[in-house]
Amino acid sequence: MLAFHEKFNLIHQLHPITNLVFTGVVFLLALICSHPLYLLVLFMATGTVIIAAGHREEWLSYLKFSLIMILMLMIVNVTFVHYGETVLYTGPRLPVIGELIITLEALAYAGGMGLRLLVIISIFCLYTYAIHPDKVLKLFSHRGGKSVLVVTLATRLFPLMVQDYIRITEAQRCRGVKFGSGNWYERIKKTLPVFKILLVSSMDRSLQLAESMHARGYGSGRPSSYQIELWRSRDFIIIPVLGLGLLSGLWSLMHGWSSYNYYPRLADFQSEEIIMAAVIMLTLSFPAILNWGWLKCRSLRSKI
Amino acid sequence: MPVIAIQNLTYYYPNTSVPALDRINLDIKAGELVLLLGGSGSGKSSLIRAIAGLIPEYYGGTYQGKVLINRQEIQHIKRRDLAQQVGLVFQDPESQMVMTSVEQEIVFGMENLGLPNQLMKRRVMEVSSALSISSYLHGTIPELSGGQKQKVALASVLAMQPGILLLDEPTSQLDPVAGEEILTMVRRLNEDNGITVILAEQRLERCFHMADRILIMEQGRIVHDLRNQSAFSVLAAKKDISCVPPLAQMFIQAECPQIPATVKQGRDILRSYLTEDAVIRSTLADKAFRRRKDPDRQKEILNIRNLWFSYHNGQEVLKNISFSMKAGEFVVLMGSNGTGKTTLLKQINSLLKPDRGQITVLGQDSRSLSVEDLACDIGYLSQNPSDYLFLATVQEELSFTLHNLGLSDDGISHDILERLHLSQYAAANPRDLSTGQRQRVALASVLVSRPQLLLLDEPTRGLDYVLKRELGNILKELQAEGTAILVVTHDVEFAAEFADEIALMDQGSIIARGDKYAMLSNSTFYSPQISKLFNGIVDGVVTLEQGRQVLKTIMAIYHNREVV
């Protein structure tokens, strides 16, 4: 199962480093920014690029899957966190948790974290569907360190792990395991053995892959290149713009505009925060804007 | 001058007390095609890995002795140089692929060797045309069939132009046609290019005729080193060794003084017992061997009518399938890789639902039943037994199934363990057991619910002849008790020996179904060695026992005439 399929658009035609710069910048900003406006901007910019790359359907299915996780995250947060002055609901006293108090601030905080999760999942979606795995692997096998290679291979093996997961689940269902029945605790209890088998089979697969790489001389010296990825004008235009986006994020971080106080009451948005968020939105959506021009204007396509 | 010289090699994997390789001494000359035989866990793969330098460099462990490649001790050869001299193709084509595009996979090794761009391009062109992969050179690996993937794996190694080619059961996951194609290529490389080949195989009938030399391993030792097939046959006649192919086994059991190594030799021997006026055309198979259907066992277990199915991507996998099974029937489903066999099994046990048509299991429409509902009546064992095993003991694995299905243990788990020779391992961790034992545990975990229909997907993969025979005998016992058995396999010899009926699938349709004596005779690829031997001499001979009796009869007629 190969997620990547070559498509006729600018995002697919970029140098792999340019694509990785985009994913890297968004990922970094998603980690350092806690402001919901910034996270929303990152989400929208990534979504625009994913749609420009022609992966709207795949992205929507990722989002559908993530929403369940985010919902769980919000339920846990609002149930256990009682900080915040704007009380929305006061419920009965529960064992361990105490009195059930749901506050607007806890809900907003969970929403913010959920948004961050959506950005990261969207980045992963873009990486999976719009960047050729062979190009990334080659890039890091030539230049990257061992840990980067491990991450690259792990993402390369991810689709195979999904296949393994389906296969193992099927085998267990044939033994009468009903994964869809029972309460949450029971469902998790039933799923744990699947992950146990998955872990062992993934380890076996990784060892076999590593053995195959070792036997074919991987890491035995400086490798040569069969195909050299060309740098084009489009890469030289996009990377500085993305750099500007990153600098804007860092600038915001230095001035404290990218952080947000959820507690004790939700803080108001400052004009500087909104301006910088708009700059980030514009710079990070730039590949999608350029893609639009690339598709519409033949002369632009020939020039970049 | 040997290209490979092994001197007193003993090797222990980390944290083990039993040697995987035990005092191995071996010289292999340039251009030899060596067949490495032995049961599961006999040390074949370890020896191959030691020659490739993966042992001990990659695996660690305790290592004594020397392995010399072209007179140079392997541990002193730089890894890059060693990769250029020794190429290794693994068993599972899927797990050895690093890249996702075919062309990139082929150049992966060459890039690691730092070869110049122009040379790589030339070699890609050469190997892709030599192995007939040019048509999908620019495709992606997940789109390829098993046979095509294994050809790509072979091409990626050959592109590095090694003088020594090591193959670790390269055809074990391929259908007979694809397996034959790979082995023909290996033979051609050996004959035309002089590449030294060491081939480890379980399905001896496919490659026995190719070997210049046969090494037999047991418990990490080379117990026999035979220079030709005849020597192997002589040895097989004297000793009870586990890796004798069915053809030789039949001649041994018929007490024939000559033991053939190939079908061609066998036919020569057979002809020497036949005169022109004494050609036997009686179909012994029809009279004595065909299983009579038990009138008490006419209960319909499965009925499929006009089944159509497509996956989400629109690929039509099953096309208008109609198929039925009654209690006590044993059917083997065969066909090339990717033809829809596994999908059909998943339809039967309701893991997948039909697009059109109807599947009735024990009188109930499968659309209204889930796989969990059917788990009591249908036992399904997928290709990978490890997918079933996760608990700490074998006994717990059986109890787990019973618990899930709401069944009580009325002594069934004890019976099943006993029957599958697993009683002594009841308290053992399933993952510590051997391949064959693990497979039996997975089977036990399915059989414990007393299913009326048993579905097995490639159950003989990775099993040696002895383990296969054991599995076959267990299935025959279950069949005798009334269990309907449907097996998907590429193993023609297994199908010939144990099934009653054969169904052939091609491109999503069942193109033929019938008695094994009719289906497995007169076929080029889907025919066992014994059937090939008697082809045109005695019709419908398929099984080992049948062949033995026919051969004995032919020999008796010959001797009686001589006496007269």
Against the rule of thumb 2.2 N^0.38 Å, how large the Cα Rg of chain A comes out: 1.17
Per residue value of the accessible surface for segment B:2-227 (all protein chains in place, 1.4 Å probe), Å²: 35 Å²
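May I ask you to give the percent of accessible area on segment A:5-95 that is carbon plus sulfur, with a probe radius of 1.4 Å?
Numbers: 3360 of 4590 Å².
About 73 percent, which is the carbon plus sulfur part of the accessible surface.
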Average projection area in nm² (convex hull over Cα atoms of segment A:229-289, one quarter of hull surface): 5.4 nm²
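For chain B, with only Lys/Arg (+1) and Asp/Glu (-1) charged at the beta-carbon, what is the dipole magnitude about the Cα centre, in debye rounded to 20? Mind showing how you got there, number by number?
Details: 57 positive and 65 negative charges, 208 e Å.
That gives chain B a dipole magnitude of about 1000 debye.
What do you get for Rg/Rh of segment A:158-208 when both radii come from the Cα atoms and Rh is the Kirkwood radius? Numbers along the way, then the final one.
On the way: Rg = 11.8 Å, Rh = 11.5 Å.
With Rg and the Kirkwood Rh in hand, the quotient comes to 1.02.
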Gap separating the Cα centres of segment A:126-140 and segment A:204-239, nearest whole Å: 10 Å
Exposure ranking of A:Arg167, B:Arg123 by accessible area [1.4 Å probe, largest first]: A:Arg167, B:Arg123
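Find the Cα radius of gyration of segment B:437-564, compare it with 2.2 N^0.38 Å by division, and give the number to two decimals.
On the way: Rg = 17.3 Å, N = 128, 2.2 N^0.38 = 13.9 Å.
The reported ratio for this selection is 1.24.
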Lysines with Cα under 30 Å of B:Lys264, excluding same-chain neighbours fewer than 8 positions away: B:Lys29, B:Lys44, B:Lys151, B:Lys238, B:Lys239, B:Lys287, B:Lys468, B:Lys516, B:Lys532, B:Lys552
Compactness of segment A:1-60, expressed as Rg and Dmax over alpha-carbon positions, Å: 12.7, 37
Total lysine pairs whose alpha carbons fall under 24 Å of each other in segment A:93-201 (8 or more apart, or interchain): 5
Alpha-carbon spread of segment B:386-450, three principal axes, descending order, Å: 29, 21, 17
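In nm², what is the average projected area of the convex hull enclosing the Cα atoms of segment B:2-227?
For the Cα atoms of segment B:2-227, the hull's average projected area reads 11.7 nm².
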Where only C-alpha atoms are counted, convex hull volume of chain B per residue in Å³: 171 Å³
In Å², nearest 10: area of B:Lys476 left accessible to a 1.4 Å probe: 60 Å²
Selection from A:Asn77, A:His5, A:Ile238 lying farthest towards where the dipole of chain A points positive, charges on Cβ: A:His5
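How many percent of all Cα-Cα pairs in segment B:172-217 sit more than 12 Å apart?
Values: 648 of 1035 pairs.
Counting pairs separated by more than 12 Å, the tail of P(r) holds 63 percent.
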Considering only chain B, percent of DSSP beta bridges that pair antiparallel, nearest 5: 55 percent
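In Å³ and rounded to a whole number, note down the convex hull volume per residue for the Cα atoms of segment B:501-564.
Working: hull volume 4.9 nm³, N = 64.
Spelled out: Cα convex hull of segment B:501-564, divided by residues, is 77 Å³.
Can you give the accessible area buried between chains A and B, summed over both chains, with a 1.4 Å probe, in Å² to the nearest 100?
Values: alone 18040 and 24270 Å², together 37380 Å².
Using a 1.4 Å probe on protein heavy atoms, the buried area is about 4900 Å².
Per DSSP H run of at least 4 residues, take -39500 (n - 2.57); add these up for chain A, divide by its residues and hand me the 222 nm value, nearest 500 deg cm²/dmol. Intermediate results must be reported in sequence, preceding the final value.
Details: 12 runs with 215 residues, N = 304.
So the calculated ellipticity at 222 nm is -24000 deg cm²/dmol.
What do you get when you divide the Cα radius of gyration of the protein assembly as shown by 2.2 N^0.38 Å, with N the number of residues? Walk me through the numbers before you get to the answer.
On the way: Rg = 31.4 Å, N = 868, 2.2 N^0.38 = 28.8 Å.
The reported ratio for this selection is 1.09.
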Charge dipole (segment B:386-450, unit charges on Cβ, about Cα centre) - positive-most of B:Ser434, B:Tyr388, B:Val448: B:Ser434
222 nm mean residue ellipticity, helices alone, for chain B (DSSP H n ≥ 4; -39,500 (n - 2.57); rounded to 500): -10500 deg cm²/dmol
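The values are calculated or read from the model by the stated rules, or taken from the named source; none is laboratory data. Everything quoted here is computed from the prediction, not taken from an experiment. Reconstructed Cβ throughout: ideal geometry from the backbone, glycine too, with neighbour counts over all protein chains shown. Surface areas here come from the heavy atoms of the whole protein model, side chains and all, with no ligands, DNA or RNA. Shrake-Rupley method; radii C 1.70, N 1.55, O 1.52, S 1.80 Å.
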